[in-house]
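Read the structure below first, then the notes.
The values are calculated or read from the model by the stated rules, or taken from the named source; none is laboratory data. A quick note: this is a predicted structure, and the numbers were derived from the prediction, not measured. All Cβ positions, glycine included, derive from the backbone under ideal geometry; neighbour counts span all protein chains shown.
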Amino acid sequence: MLAKQIEASGPISVAEFMRAANQAYYAKGDPLGVQGDFITAPEISQMFGELVGLWLTDFWIRAGRPEGCAYVELGPGRGTLAVDALRSMRQFGFEPDILFVETSEHLRMLQAQAVPKARFAESIDELPYDKPLLVVANEFFDALPVRQLVSTHAGWRERVIVRDRGAKFMATPGPHAMDEMVPAEFRNAPSPTIYETCPAASSMMYELAGRISSQGGGMLIADYGYTMPGIGNTLQAVKGHKSADPFENPGNHDLTAHVNFVELANLARMRHLRVSGPTEQGGWLKALGIEARSAALIASQPQMADEIAAAQDRLLEPAGMGSLFKVLGVSHPDWPEPEGFEINQSLG
């Protein structure tokens, strides 16, 4: 499809390439787990989802236990995070409506089996307008298509995808000047510096922040990304838990890019929401008590001690997900400040 499109209409943007490739990839089946291409924090250990559920429950209790809340998860994978989070929430009498924003039919089937009470939405436009929203986005924003601008000797250009003589996809500078799209502090960067933006993430964040501003609630974002404005190419592909060429065999591996937490936080502020973080995932999980939860699990399942400890280390340690992954909280100003975002942990 992409080859025919380029042949018929000319080069396409990196964002268009990434959107089409990921749409085809996620339509094929389940990419998660040891047998898949990558593994996420909820699949590593039940502790991650349980602590997300406790974080949401604490947030709800201190808000006065408002009725009619909706638990909204963006791109819920197999539904693993929701299963663990909702189990923790039920222990304290918190049973919100459950809404999954998911476009993959195959993943919807898995999610419906895991969480039978869940309702589905194709996009955030289908979310209810009459109740507080508690939104969870774990490794969601990184899969949204990024636009790449590249510096050349003739100025900044958008990076586009073409087919070379060997019929391979490759990225090259496009013909149109894009200097005005690049922040002033980066415009003199040497060739071939790359600057990335993610219009899809910005649009979605602005809309969700607007909903929370008018309806109440909050949002938790966990993903890998950066906390200061920067430059560089972060587009990457993963196949079988190993790095792959992003432009080879589109639709057969997962394409992601680092999330711009600065942009997401600023968009929330534009909607007059409270911003907590971003902070490193390891510090956030420690603040929520993952070490105590790990000890309790080991005490109840001593035969699993090594596995539980290894999972904790993977979630917490800098060599694992602890530093690369960040957590950002946004909340309605009339709701309480969420836990886990101590000042000394905040980044940026």
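Overview of results
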quantity	calculated
Any hit, the range 55-62, residues being crowded, with 20+ Cβ neighbours inside 10 Å and in contact with an Asp or Glu (Cβ under 7 Å, 6 or more places away or on another chain)	yes
Search result, residues across the range 40-78 that are of a type outside the set (D, E, K, R), under 16 Å from the mean Cα position of the chain (by Cα) and not in a loop (DSSP other than H, G, I, E, B)	Ala41, Pro42, Phe48, Gly49, Val52, Val72, Leu74
Meets criteria (surrounded by fewer than 24 Cβ atoms within 10 Å (Cβ to Cβ) and either out of contact with any Asp or Glu (no Cβ under 9 Å at 6 or more places or on another chain) or within 15 Å of Pro338 (Cβ to Cβ) (or both)) for Gly75	no
Criterion violated by Ala319 - all others in (1) farther than 30 Å from Met204 by Cβ; (2) part of a helix (DSSP H, G or I) satisfied	(2)
Neighbours by Cβ (under 8 Å, 6+ apart or cross-chain): first from the range 189-210, closer than 14 Å to Pro173 by Cα; second of a type in the set (D, E, K, R) and at pLDDT 95 or above	Ile194/Arg159; Glu196/Arg147
Among residues of the range 1-30, those that are assigned to a helix (DSSP H, G or I) and either in contact (Cβ under 8 Å) with a residue 40 or more places away in the chain or crowded, with 18+ Cβ neighbours inside 10 Å (or both), counted	19
Members of the range 79-118 found to be modelled with pLDDT of 95 or more, within 22 Å of Ala20 (Cα to Cα) and either part of a loop (DSSP other than H, G, I, E, B) or of a type in the set (Phe, Trp, Tyr) (or both), listed by number	Phe100, Glu102
Output for the range 121-167, where each listed residue is under 23 Å from the mean Cα position of the chain (by Cα), aliphatic (A, V, I, L, M) and in a strand (DSSP E or B)	Ala121, Leu133, Leu134, Val135, Val136, Ala137, Leu149
Residues located in the range 272-308, provided they are within 20 Å of Ser331 (Cα to Cα) and without any contact (Cβ under 8 Å) to a residue 60 or more places away in the chain	Val275, Ala287
Given (1) under 30 Å from Asp245 (Cβ atoms); (2) surrounded by fewer than 19 Cβ atoms within 10 Å (Cβ to Cβ), index of the condition Arg65 fails	(1)
Qualifying residue in the range 135-158 (condition: among the charged types (D, E, K, R) and out of contact with any strand residue (DSSP E or B) (no Cβ under 8 Å at 6 or more places or on another chain))	no
